[in-house]
Amino acid sequence: MGFLVVIILIGVAILIYEEIRKLQYWKKLSVPCTTPLPIFGHMARAICQRKSIPEIHKEMYDKYSNHRYIGYFLFNSPSLMIRDVELVKTICIKDFHCFSAHREFLSKDTDPFWNRILFAKKDREWYDLRKIVAAAFTQSKMKQMYPFIIKCAMRLTSSLPEENKTISIDSYDLFFKFSNDFSLNTVFGIECNSFKDPSNEFYKVAKNAFIVPKLKGLKFFGAAISKSLAKFLNAKFFDDDTKEFYIKVIRDTLEYRKNHNVVRPDLLHLLKEEQKERLQNVPKELDDPSDTYTPPLMTEDDVAVQLVGMLFTSTYTFTNYICNLVYELALHQDIQSRLIAEIDETWRKCDGNLTFDHLTNMKYFDMVCQEGLRLRSPTVFMDRVVTKPYTIPPVLPHEKPLHLKPGQDITIPVYCFSRDEKYFENPEKFDPERFSDENKHKIIPQTCLGFGYGSRSCVGYSLALVETKVLLFFILQRFRFVPTEKTPIPFPLDKINISQFSSRGYWLGLQLREDIPY
């Protein structure tokens, strides 16, 4: 019995030693780092819901203001947090080939489905797949989608009661319905009206699958600590019912199109065409004629994975972004009034026919959207992984050459850059004038990273802005957003979410305008 106790104590001692040794990682490389905790690293307060991830980042970012990079522990995994905008440019653009992958969110053993979506792909597989997906979001494709965006926006505005009193709305639910309906059409070519029929299966499944509850968030934290713990917790992004539902939808849609000879230029069609070409080994026009790379065959499951992944990212990210923007408009009535004035003026100019060109030429609207993305972007950090050995040369007197090995994790603190007084005066203030013609030249692109930066930026960024403008254009024609007693002030950052998300929901008031000029 005594021998067994000794063995257990030795085992525990070895585990503690290994944990402490891991936490010396940045010290050995002469990289500044606040003291982490064993196992939890710098994430303990996030798990206990005492501080959000962006707030933790900001503490470290501010503490080492004279450094270009600092050490950070995502649980027991060391990550290099970048504080310098030129280094961000180097990592995301100049030397992108050395930092071309994302960190592994969930291991392949734990969630093989998640690891096949575009976001998780690496190397040439990612590059080829991104080109296919990006083809669905060109300006010409957006112009084709434009009438349907207006149709979905009109459905939403028609569902709003025109009462002579302020009505309380859950703006997240409102915009989620719009986004899910529009994304279904863009990705699958399916038309759905969640405002008329909120009990439809597409809406119910999406709401269950794409809105991450706290328990699921804690599972993901557990998965980040240990792969074994991830398996034990069964930490999968999409449950089996969700996957089976969408796979059946895809099969039914393809069968209908085949039987009725329907061709529709959506993402489903683009991926199926690519699948055919790969099966037939159709040669591609290559950037480098000496390139002998042959893309792997694409299965039905591969097609389904990309479509479900795109449906999630487009629905979740857009809803988060527009809710945060509308929250700021409700709190800043002067800015909302100026935006309404531009909307009214544009409506008169276009004689009641809001074209794509009229919308994209609305300067103040664009300023408002850009400032919303800076202050309340859905993304609070970006990540990269070193894919080739790389050395960051010293620039500052206290620096030494920093040698990074493949697999090294990189964190780019989006939230911190957008709130750095070095780049933005009074950074917590919602001020669209930052993006005016007179001021926008002062903005460094690497400080506004709400939809990513460089080759791995969001493919649907431009479409998200068009959706936002169309939707708010038609709502603000008749209504104003106002705060109510249920509106949380100041903005309460969710402590368990990896996005900039309100922990108390998005309850706002809708007030019928008294000055509708048409």
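When restricted to residues that are under 25 Å from Pro427 (Cβ atoms) and surrounded by fewer than 17 Cβ atoms within 10 Å (Cβ to Cβ), region 32-48 contains 2. Residues in region 360-399 that are assigned to a helix (DSSP H, G or I) and among the aromatic types (Phe, Trp, Tyr): Tyr364, Phe365. Residues in region 54-95 that are touching a Gly at 6+ places or on another chain (Cβ under 6 Å) and assigned to a helix (DSSP H, G or I) were compared, and the one that is farthest from Pro492 (Cα to Cα) is Ile93. Only residues that are assigned to a loop (DSSP other than H, G, I, E, B) and surrounded by fewer than 16 Cβ atoms within 10 Å (Cβ to Cβ) were counted in region 257-272, giving 5. Residue check: is Thr411 crowded, with 19+ Cβ neighbours inside 10 Å, under 30 Å from Glu55 (Cβ atoms), at pLDDT below 95 and of a type outside the set (Asp, Glu)? No. You will find that of Leu375, Leu354, the residue that is under 24 Å from Asp494 (Cβ atoms) and either in contact with a Lys or Arg (Cβ under 6 Å, 6 or more places away or on another chain) or aliphatic (A, V, I, L, M) (or both) is Leu375 and no other. Checked against (1) within 21 Å of the chain's Cα centre (by Cα); (2) surrounded by fewer than 17 Cβ atoms within 10 Å (Cβ to Cβ), Glu438 passes all but a single condition, namely (1). Would you pick out the residues in region 25-49 that are at pLDDT below 90 and assigned to a loop (DSSP other than H, G, I, E, B)? Selection gives Pro38, Ile39, Phe40, Cys48, Gln49.
For region 441-454, what are the residues that are buried (at least 18 other Cβ atoms within 10 Å of the Cβ) and in a loop (DSSP other than H, G, I, E, B)?
Answer for region 441-454, where residues must be buried (at least 18 other Cβ atoms within 10 Å of the Cβ) and in a loop (DSSP other than H, G, I, E, B): Cys448, Leu449, Gly450, Phe451, Tyr453.
Give the residue that is farthest from Leu471 (Cα to Cα), with candidates limited to residues of region 330-345 that are free of Cβ contacts under 8 Å to residues at least 40 places away in the same chain and in contact with a helix residue (DSSP H, G or I) (Cβ under 8 Å, 6 or more places away or on another chain). Only one residue tops the list, namely Arg338. Tell me whether region 480-497 contains one or more residues that are at pLDDT 95 or above, surrounded by fewer than 19 Cβ atoms within 10 Å (Cβ to Cβ) and on the phi > 0 side of the Ramachandran plot. Within region 480-497 (the criterion being at pLDDT 95 or above, surrounded by fewer than 19 Cβ atoms within 10 Å (Cβ to Cβ) and on the phi > 0 side of the Ramachandran plot), the answer is no, since none of the residues qualifies. Taking first residues from region 141-158 that are farther than 16 Å from Ala464 by Cβ and partners that are surrounded by fewer than 18 Cβ atoms within 10 Å (Cβ to Cβ) and of a type in the set (Lys, Arg), no Cβ contact under 6 Å between residues at least 6 apart in sequence or on separate chains turns up. Only residues that are part of a loop (DSSP other than H, G, I, E, B) and modelled with pLDDT under 95: list them for region 298-352, please. The answer is Met298, Thr299, Cys350, Asp351, Gly352. Restricting attention to region 56-69, the residues that are touching a residue at least 60 places away in the same chain (Cβ under 8 Å), buried (at least 16 other Cβ atoms within 10 Å of the Cβ) and of a type outside the set (Ser, Thr, Tyr) total 4. Selection of first residues in region 250-275 that are touching a residue at least 60 places away in the same chain (Cβ under 8 Å) and closer than 11 Å to Glu300 by Cα and of second residues that are part of a helix (DSSP H, G or I) and small (Gly, Ala, Ser), restricted to Cβ pairs under 8 Å at least 6 apart or on distinct chains, gives the following pairs, ordered by first then second residue: Ile250/Ala304. When restricted to residues that are among the charged types (D, E, K, R), within 13 Å of Tyr327 (Cα to Cα) and within 18 Å of the chain's Cα centre (by Cα), region 468-513 contains 0. Could you grab me the full set of residues in region 400-423 that are part of a strand (DSSP E or B) and over 29 Å from Ser314 (Cα atoms)? Hits for region 400-423 are Leu402, His403, Leu404. Please work out which residue is nearest to the chain's Cα centre (by Cα), limiting yourself to region 236-256 and to residues that are surrounded by fewer than 20 Cβ atoms within 10 Å (Cβ to Cβ) and hydroxyl-bearing (Ser, Thr, Tyr). Only one residue tops the list, namely Thr242.
The values are calculated or read from the model by the stated rules, or taken from the named source; none is laboratory data. In this text, all values refer to a predicted model and were calculated from it rather than measured experimentally. Heads up, the Cβs are rebuilt from the backbone with ideal geometry, glycines too, and the neighbour counts pull from every protein chain shown.
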